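A quick write-up on the structure given underneath.
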Amino acid sequence: MKSQTPWFRLSSLVFGFAFLYIPILSLIVYSFNKSKLVTVWGGFSTQWYGKLLENDQILDAAWLSLRIATVNATGATIIGTFAGLVLARFGQFRGRTMLSAMTTAPLVMPDVITGLSLLLMFVAMEQAFGWPAGRGITTITIAHITLTLSYVTVIVQSRLATLDGSLEEAAMDLGARPARVFLLVTLPIIAPALVSGWLLAFTISLDDLVIASFVSGPGSSTLPMLIYSKVRLGVSPDINALATIMVGLVSLGVMITGYLMFRRERLRQRDMQLASSAA
């Protein structure tokens, strides 16, 4: 029985990775298909990448999604960092339960309910204050920040909960004020968590379809909305080319981020070894 366990684990691992990545690999392969039929191989060709670059509708939607995702990830990281800091360091205070519930509610709330409630809120705000005027980039960005700041809050709060408080206490004993301690001690230590939260918020925003469909308006179709409308009429090969480019960019970003975090960890371990040897 023990001798069969490694084979079972290996086969489960292979099956799991194959289940996840074979569809993506097939999509990449068929993006170089010469045929107009997505599932029929007609020879190697890069013509669909050229046609993709000539499709202004897809390029405009992709640029809009990237802008929204970048602003959303930055805003969610800033707000989520402060929310995680308050929940992790300020102990019990009046309103803590409400703050915790408000920051974690989007994690368990169905996207349909979230999108509908945000749409009703935007309509009521427009009638009462005149802002936001219609639905578009602003409403999509606000909706995505509302959704993704919960993920950043959970990540930052978890990292702060495991942070060694003696480092901050030592900095304050040396005369540093709390704001300076946060900027020079706490922030660099939790930087990997901030990067992870930013990337997660960026990915969720770039991938969102349901909420964006509720809060978007004419002329503000994001890339997932455009792809969904095209897929309903049949997948075209230029969509495969677009998906391949997105997979390549995401993979490159993950590799660069992983390398930087690995390098930072090695430098930290080296500094700790030098400090221990000097002591």
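All of the numbers you see were taken from the coordinates with simple rules; none came from a lab. Not measured: the values here are computed from a predicted model. Cβ coordinates were reconstructed from backbone atoms using ideal geometry, including for glycine residues, and neighbour counts include every protein chain displayed.
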Cα-based Rg of segment 111-164 per 2.2 N^0.38 Å, rounded to two decimals? 1.52
When Ile78, Ile211 are ordered from fewest to most other Cβ atoms inside 10 Å of their Cβ, what list results? Ile78, Ile211
Once you place label points 7 Å from the Cα toward the Cβ at Arg263 and Thr39, how far apart are they in nm? 4.6 nm
Once you keep just the Cα pairs under 8 angstrom separated by 6 or more residues, what percentage relative contact order results for the chain? 30 percent
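Using only the Cα atoms, what convex hull volume per residue in Å³ does the chain have? List each step's numbers first, then the result.
Details: hull volume 64.6 nm³, N = 279.
Given the Cα convex hull of the chain, per-residue volume reads 232 Å³.
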At Leu187 and Ala161, where each label point lies 7 Å from the Cα along Cα→Cβ, what is the point-to-point distance in nanometres? 2.5 nm
Can you compute the helix-only [θ] at 222 nm over the chain? Use -39500 (n - 2.57) per DSSP H run of at least 4 residues, normalise by all residues, nearest 500 deg cm²/dmol. -26000 deg cm²/dmol
Provide Asp164, Asp111, Asp208 in ascending order of the number of other Cβ atoms located within 10 Å of each residue's Cβ, fewest first. Asp164, Asp111, Asp208
Per DSSP loop assignment and a cutoff of at most 15 other beta carbons within 10 Å, the chain keeps its longest run without exposed trypsin sites (Lys or Arg not before Pro) at 95-231
For segment 160-279 the mean separation of alpha carbon contacts under 8 Å (6+ apart) over residue count, i.e. relative contact order in percent, is 14 percent
Sequence of Tyr30, Tyr259 once ranked by neighbouring C-beta atoms within 10 Å, starting from the fewest: Tyr259, Tyr30
Hey, can you grab everything whose amide H is under 5 Å from the amide H of Asn33? Only 5+ residues off in sequence or another chain; H modelled, so Pro and N-termini drop out. Ser45
Given an 8 Å cut-off on Cα distances and at least 6 residues of separation, report the relative contact order of segment 1-116 as a percent. 9 percent
Could you check the simple spin-label distance between Arg94 and Phe82, using points 7 Å along Cα→Cβ, in nm with one decimal? 2.1 nm
Candidates Ala73, Ala105, Ala61, ranked by Gaussian network fluctuation over the chain, Cα under 10 Å, top entry: Ala105
